[in-house]
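Scroll down for the structure; my scribbles are underneath it.
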Amino acid sequence: MDNNLNFDKDEYFGLGQTAFIVKLQNSSVNESLKILFDADGLNKLLLNIGGLKIPTPADSVGSSVSTLSLANTTISNPIEVKSILYRVTTGSAESQFGKQPFDFVKSNIDGQIFRGGDVQPNFLKRNWMFTNDEMVEIQGDLTIDSTTGLIIGLEPQTNIECTFILK
């Protein structure tokens, strides 16, 4: 029997993607803390319980995909990341890369939060490769599921663009 609906072909369901871009902006005169992914909201909840500064959900203005869609995708299909191109499009790249967090967090139902190198050792800042003054490449395999979040700090008057290269 022929399957004319092609349910067995990944590319018809968007799973054949090789990359996506997320653009974030901070037009305020104050620093801003954003969170990407975190589909189940557990990371945000546990950070709040721990007394840490709570990131706000990131918007997706100008991105190739909405941040809400990204989060919802991770509920049923983890995103397999090969590397990330992290670029400052407006503002001070030196200040953005040097002062602001770019941390993956992963929560467990028992209340533990894993951060940075505990989630993926290659995503530590010391392993970033500067490809030019305004862009770094972060290499390393990473699986983003519904319990994973990405906390990104933004300098005042700064726009950034993150290109996620997928497996």
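All of the numbers you see were taken from the coordinates with simple rules; none came from a lab. Because the structure is predicted, anything quoted here is derived from the model rather than measured. Note that each Cβ is placed from the backbone with ideal geometry, even for glycine, and that neighbours are counted across all protein chains shown.
Summary of values
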| read-out | value |
| --- | --- |
| Linear extension gain, Leu166 paired with Val65, 0.36 nm per residue minus alpha-carbon span | 35.0 nm |
| Cβ crowding within 10 Å averaged over residues, with 31-37, 18-24 ranked highest first | 31-37, 18-24 |
| Label-point separation in nm, Ser27 to Leu85, each point 7 Å along Cα→Cβ | 2.6 nm |
| Theoretical FRET efficiency, 1/(1+(r/R0)^6), r = Cβ-Cβ of Asn72 and Glu137, R0 22 Å, to 0.05 | 0.20 |
